[in-house]
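Beneath this line is the structure, given in structure tokens, with notes to follow.
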Amino acid sequence: IGLRLSAQTPAYLHYGVRDGLPSNLIYYGLQDHDGLLWFATDKGLARFDGSRFRNYDMSDGLPDSEVFYLKTDSRGRLWMFCYQKQPCYRQYGRIVTAQEDSLLAKIDFETAIGDVAEDDRGQIWLSSYSNRFYVLTDTSIRRIQSVNAINKTCCFPEGVIGATGNTGEYYFVTPDGKAELRHNEPALATAKKYIYFEKRGNHILWSTENGLFLTEFHNGDLHIIDSQPGPTGRIYVDKSNRFWVCSLAGGAVCFDNTRQDLSNPVVYLPGKKVTTFFEDHQGTFWFCTAGEGVYALPRNSPVNYGRNEGLLARNITAVARDVSGAILAGNDEGKMYVIPPAGAIQTIDYGSIDGYNRIR
């Protein structure tokens, strides 16, 4: 896929161990209902209030120091999947594990990587690459057995999709609890191993080993409407309903368009090993990485333009904006740079003949 990178270098904020994080390996991140930021690392859980980090480890009640996944629900619980496999959650300032919660004690997962989803009725759906997933309420827990391992669930008003490791099939669970094994379209069914998927409205974007598949969900069936050969990785949806794909091979890719397809991709942090992405209440983008901590890009952050973006000189003597929104920058060599709202920088050379050599 030919990814488009805007001709600019945003000014990111960067947080790492030196700033208080317990580790620079960040598996996951999110913002809770109180506005606090949480990061899952290989050395515990970190909370950020905008000024400082507060770290949690096994002495604070974590069942294990390696936290892989986080999710919040409507009751204010912060769900976690740790290395010890069984999920736990933090609520009212304390961490609750299977030892304190009899319903969690009934969960039997085989892997430490899991997923949490909440449906319209407030039921919590728990899955973890096992041939079973669980539906949790305040007073009960129900186990749904499946033939193949369920990697992730997505909740819709008409039912819940449970994705399997086999891209050719998925489970559809109706509101009355009936689970049906269904088959995907041939194009998606022939794709290699499924990695992640996420929903936006009635659209589901699937990330597989050989590309992305955008599908539409209707009456319990999936239909492919677009596809791309890459990138692959975790998928997220921001407040503008844009799909993001986080890649360990090449940063975070935003499909920035209003056409509800996979056109116009824009790359952020190219070359970085981005594990997860989320957007906070103020519109700041947060990028979690494998080995470099966390990068933040505020909504109104400054943007730097230099030689890497197409400017051939460092001495800028005047800046203006035209009616189209393009930035006009003049230098001391008789050149004017035209920086459009999108696209590559253009250079207009007026020559240098009078000794002043300034464009204004």
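If we sort 249-259, 175-185 on the protection proxy, mean other Cβ atoms within 10 Å, highest first, what's the order?
Details: 249-259: 18.3, 175-185: 12.9.
My ranking of the peptides, most packed first, is 249-259, 175-185.
Using the Karplus curve 6.51 cos²θ - 1.76 cosθ + 1.60 with θ = phi - 60°, work out ³J(HN,Hα) for each residue of the range 114-122 in order, rounded to whole Hz, and write x for Gly and Pro.
Using θ = phi - 60°, the values come out as x, 9, 10, 9, 10, 8, 5, 9, x Hz.
Hey, if we sort 216, 66 by accessible area with the 1.4 Å probe, largest down, what's the order?
216, 66
Can you give the accessible area of residue 349 in Å² (nearest 10), computed on protein heavy atoms with a 1.4 Å probe?
Surface accessible to solvent at residue 349 totals approximately 100 Å².
Report, ordered by chain and residue number, the lysines lying within cross-link reach of residue 152, taken as a straight Cα distance under 22 Å and ignoring same-chain residues fewer than 8 apart.
Partners found: 71, 85, 106, 178, 192, 193, 199, 239.
Using a 1.4 Å probe on the protein heavy atoms only, what accessible surface does residue 53 show? Give it in Å² to the nearest 10.
The value for residue 53 is about 30 Å².
Tell me, in nm to one decimal, what length is gained between residue 14 and residue 180 on full extension, where the rule is 0.36 nm per residue of separation less the Cα-Cα distance? Walk me through the numbers on the way to the answer.
Numbers: separation 166, 0.36 × 166 = 59.76 nm, distance 4.60 nm.
Result: 55.2 nm gained on full extension.
Hey, can you grab everything whose amide H is under 5 Å from the amide H of residue 234? Only 5+ residues off in sequence or another chain; H modelled, so Pro and N-termini drop out.
Long-range HN contacts for residue 234: 246.
Mark the label point 7 Å from the Cα of residue 190 along Cα→Cβ and return the residues of the range 212-230 whose backbone N is within less than 19 Å of it.
Taking a point 7 Å out along Cα→Cβ of residue 190, the residues of the range 212-230 whose backbone N falls under 19 Å are 212-215, 222-230.
For the range 136-203 and the range 29-81, compute the distance between their C-alpha centroids and round to whole Å.
Taking the Cα centre of the range 29-81 as reference, the centre of the range 136-203 is 27 Å away.
At a Förster distance of 45 Å, what's the computed FRET efficiency of residue 260 paired with residue 137, Cβ-Cβ distance as r, to 0.05? Mind dumping the intermediate values first?
Details: r = 34 Å, r/R0 = 0.76.
For residue 260 and residue 137, the calculated efficiency is 0.85.
Please give every one of the aspartates and glutamates within straight-line cross-link reach of residue 273, meaning a C-alpha to C-alpha distance under 16 Å, and leave out same-chain neighbours fewer than 8 residues apart.
List returned: 42, 292.
State, to one decimal in nm, how far the label point of residue 169 lies from the label point of residue 108, with both points 7 Å from Cα in the Cβ direction.
Between residue 169 and residue 108, the label points sit 2.2 nm apart.
Would you kindly derive the ³J(HN,Hα) couplings of the range 144-154 from the backbone phi angles with the Karplus curve 6.51 cos²θ - 1.76 cosθ + 1.60 (θ = phi - 60°), listing them in order in whole Hz, with x for Gly and Pro?
10, 7, 10, 6, 10, 5, 9, 8, 7, 10, 10
Using R₀ = 41 Å, calculate the FRET efficiency as 1/(1 + (r/R₀)^6) where r is the Cβ-Cβ separation of residue 55 and residue 346; round to 0.05.
Numbers: r = 48 Å, r/R0 = 1.18.
Rounded to the nearest 0.05, the efficiency is 0.25.
The values are calculated or read from the model by the stated rules, or taken from the named source; none is laboratory data. Since the model is a prediction, treat every value here as computed from it, not as a measurement. Because the Cβ atoms are built from the backbone with ideal geometry, glycine has one as well, and the counts that use them run over all protein chains shown. Just the protein is used for accessible areas: all its heavy atoms, side chains included, with ligands, DNA and RNA removed. Shrake-Rupley method; radii C 1.70, N 1.55, O 1.52, S 1.80 Å.
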